[in-house]
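Here's the structure we're looking at; comments come further down.
The values are calculated or read from the model by the stated rules, or taken from the named source; none is laboratory data. Everything numeric here is computed off the predicted structure, so don't read it as measured data. Here the Cβ is made from the backbone with ideal geometry for all residues, glycine too, and neighbour counts use every protein chain on show.
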């Protein structure tokens, strides 16, 4: 009995120490925790003093991953004819430093953040705060990965030079276009629209409410695995299918969609 109580006490002490350490780390970091961002394994926060404030032009050659942590507003990622990755934001009024964009370029990764803590301004208006991220069209090697984490934002990504895209959002529509090989989206509510120039290798979507539309051209084949609690499944491609499962031609790509409520449409573009 004594050994059992001692073991339980040891576990409790470990948990308390870990919680205290996490609390200190949060205060030292100085950033608001966005949803589960603090527990997310891919997010590198860094020290506050390492971050720069405001818009910037960053040489693109060494950047292989971009992490965007944006509390709320709009996120627009696009390509342009230029040599630098452009980071900019728009707001209707002048912003204090606490309300402005933060960024850190380190070890091949570009981290872009807006934490949602405000000084005097009430920025929680989705039309008030917009991130503009522009990627050069002429980069020699594609960016391996872009990850976007947001609480409440409208997201637009248009790119032919990003291999993998990961989006985690609680609320807001997501629009993706271009030529991206691997797309993963986790969203609570909002519509998802994916329009690709070619068939992606992999699409994985988890959503609670909202419709999902995938638009792709004629291709060599894919497999779709879907579960929809409430909603309809429509597909322009003739599938060999069973319940919640379908194959078109060869299985060269996999689309996996889980939705509690909302329609799923796979459309063929010209």
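The conditions of being surrounded by fewer than 16 Cβ atoms within 10 Å (Cβ to Cβ), free of Cβ contacts under 8 Å to residues at least 24 places away in the same chain and either closer than 22 Å to residue 178 by Cα or out of contact with any helix residue (DSSP H, G or I) (no Cβ under 7 Å at 6 or more places or on another chain) (or both) are met by residue 242. Restricting 184, 134, 147 to residues that are touching a strand residue (DSSP E or B) at 6+ places or on another chain (Cβ under 6 Å), assigned to a strand (DSSP E or B) and not assigned by TED's automatic domain parsing to the domain that holds residue 63 narrows the list to 184.
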